[in-house]
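For reference, the structure is listed below as structure tokens.
Bear in mind these aren't lab numbers, they're just calculated from the coordinates by the rules spelled out. Please read all numbers here as calculations on a predicted model, not as lab measurements. Please note: Cβ atoms are built from the backbone with ideal geometry, for glycine as well, and neighbour counts cover all protein chains shown.
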Amino acid sequence: MGVTQILFWVLTVLALGSALMVVTSRNPVYSVLYLILCFFAISGHYILMNAQFLAVVNIIVYAGAIMVLFLFVIMLMNLNASVEPQKNKWLKIAGAIAGGCLLLVLVAAFKDADIKTQLVQTKDGEIGLINNLGMALFKDYVVPFEISSVLFLSAMVGAVVIGKKE
Amino acid sequence: MLLAIDWLLLLEKLVLIVIIVSVSLVIAMYETYAERKIAAFMQDRRGPNRAGPFGLLQPLADGGKLFFKEEIIPNTSNKFLFILGPCLAMMTAMMTSAVIPWGGTVAVFGRSVSLQIADINIGILFVFGVVSMGVYGIMIGGWASNNKFSLLAALRGASQMISYELAMGLSLIALLMMTGSLRLSVIVDQQMTSGVWNVVYQPLGFLIFLVCAFAECNRTPFDLPEAENELNFGYHQEYSSMKLGFYLFAEYINMFISSVIMATLYFGGYDIPFVNEAALIAKGNNWIQWIGPLVLIIKVGFFIFLFMWVRWTIPRFRYDQLMNLGWKKLIPLALLNMVLTGALVLWLKK
């Protein structure tokens, strides 16, 4: 087993384990912290594929900014294990079935996709480096990129307008 | 062989990491001494002068005192997170130094050793990633203390850091437009070969970066998370002993690291001013590579002095003033700087 493989398995166990803990822990603050750990493990996977930019943006945006807001809300509302509402048993079953359906669709979709025949480029893949990513985003896909940024801007303006209303 | 690893490289990096971590710790220690001496100088006092000559052993005495204090973990706190908080603060403070180029390549025992732990493609973004993690140290510590004042201070600190990260990133984009690379070693190299430091091209960007660095380090005039007369003591109110020491120490390490980053990005890093290193090295003067790190430390020393100078000169902002400055002044200014730089770069390239 090479170093890459060892790292892959460690990161995989970490990602799946922490993702499970997000769902099962009773304290919402722990859930958020496990989710941050999960993001780190996923960033580790990106780095294994030499997608350094993706890895660090995942950390800055998701682990660093969005999760801080989650933590903010949970801390301000003073949620903890004792006030967590006990959910209906049927709701849990319905959730499990819905999640299972999604899994089924994903497996079916990826079963025959040509991703399966392509090997993962570890260590020497260049697609994820910032230079190539920038070229792709600002040359080949510049229109979709600009449209999505306008969408983000409108979402921000909308949030401000809603917030300003008395 | 079990794993195909270049063991010598690993050893070299390990030694480098140990050296850099211990240097940052020693510098952070003596920053506390410098802070008290500078405060004393500005207030016409003598400052610490009992332990050792000129009070030079004072940081050791302080550290020893912190170690031997009683450890108190509040009954109602969340024990695991209460300990995790200061650890995270310390860890994130130390991790940033990994991507900083402390010098060029030097020859040690016949090996050419680069004085940078990791020259990664995303250089400065790694620093931002780690800095954005630094918020958790404060937030987790403040929340786990189970104290209203700690929580308030932690929330203040977190929102302050997030707000100022934006303006900091925007001012950095203008710099990156000119350098065209995120690698810190490339940014320093460009300044060394052209002989002109980036601060000449980006005076406004540097100013914004400086102000944001003050806010990121929670230093006066932005030390609202520790505003002692409103919040008793701040997010580390319930902490004692070395856990408190970790929080205080992390702040000083952050100050050191952000000074290094400012020196690297805007003031030529380990570039010796008015000296053409490349020509000297070509003539066989390899010793010049050892001077580089010293020059960097001198530049850093100036910034650290600036941090303290400002602390003992400018009073604390009010919280709304802080938010107004961040969102309504610095971010538009940084955006303007970005647009101007972009237009100039396009115009000059044509």
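Please report Rg over Rh for the stretch B:157-259, where both radii come from the alpha carbon positions and Rh follows the Kirkwood definition.
Result for the stretch B:157-259 is an Rg/Rh of 1.09.
Any of B:Lys65/B:Lys148; B:Lys13/B:Lys69; B:Lys299/B:Lys329 with alpha carbons more than 32 Å apart? Name them for me.
Flagged as over cut-off: B:Lys13/B:Lys69.
Binning at 10 Å from 0, report for the stretch B:156-215 what percent of all alpha-carbon pair distances ends up in each bin.
In order of increasing distance, the bins hold 22, 47, 24, 7, 0 percent.
Got the relative contact order for chain B handy, in percent, Cα pairs under 8 Å and 6 or more residues apart?
So the answer I get is 23 percent.
Across peptide B:115-125, how many C-beta atoms of other chains are within 10 Å of each residue C-beta, on average?
Mean shielding count: 3.
Once you compute Rg and the Kirkwood Rh from C-alpha atoms, what is the Rg to Rh ratio for the protein assembly as shown?
Taking Rg over the Kirkwood Rh, I get 0.97.
Determine the shielding of peptide B:129-136 by partner chains: average, over its residues, the number of Cβ atoms on other chains within 10 angstrom of each Cβ.
6
What size of dipole, in debye to the nearest 20, comes out for chain B about its Cα centre when the only charges are +1 on Lys and Arg C-beta atoms and -1 on Asp and Glu C-beta atoms?
Around 400 debye, computed over chain B.
So what is log10(I(q)/I(0)) for the stretch B:67-225 at q = 0.19 1/Å, when the Debye sum runs over its Cα atoms only?
Log10 I(q)/I(0), no solvent term: -1.19.
Using a simple spin-label model with points 7 Å from Cα along the Cα→Cβ vector, what separation in nm is obtained for B:Asp119 and B:Thr313?
Each label point lies 7 Å from its Cα, and together they span 3.8 nm.
Just the C-alpha atoms of the stretch B:203-289: what Rg/Rh do they give, with Rh taken as the Kirkwood radius?
Expressed as Rg/Rh, it is 1.21.
To the nearest 10 degrees, how steep is helix B:241-266 against the longest Cα principal axis of chain B, on a 0 to 90 scale?
So the inclination is approximately 30 degrees.
Connecting C-alpha atoms closer than 10 Å in a GNM of chain B, tell me which of B:Tyr235, B:Tyr201, B:Tyr252 has the biggest fluctuation.
Of B:Tyr235, B:Tyr201, B:Tyr252, the Gaussian network model singles out B:Tyr201 as fluctuating most.
Could you compute the longest span of chain B free of GluC sites (Glu not before Pro) located in DSSP loops and having at most 14 other Cβ atoms within 10 Å, not counting the site residues?
With GluC sites (Glu not before Pro) excluded where exposed in loops, chain B gives B:72-350 as its longest stretch.
Expressed as a whole number of Å, what is the distance separating the alpha-carbon centroids of the stretch B:184-262 and the stretch B:1-54?
Cα centres, the stretch B:1-54 to the stretch B:184-262: 16 Å.
What does the helix-only formula give at 222 nm for the protein assembly as shown: each DSSP H stretch with n ≥ 4 adding -39500 (n - 2.57), the total divided by the residues, and the result rounded to the nearest 500 deg cm²/dmol?
Per the formula, -22000 deg cm²/dmol.
Could you state, as a whole-number percent, how many of the C-alpha pairs of the stretch B:75-349 are farther apart than 29 Å?
Within the stretch B:75-349, distances greater than 29 Å cover 37 percent of Cα pairs.
Based on the alpha-carbon gyration tensor of the stretch B:203-350, what equivalent-ellipsoid semi-axes (square roots of 5 times the eigenvalues) come out, in whole Å, largest first?
34, 25, 11
Which three numbers, in whole Å and largest first, are the semi-axes of the equivalent ellipsoid of chain A derived from its Cα gyration tensor as √(5λ)?
The three semi-axes for chain A are 31, 26, 18 Å.
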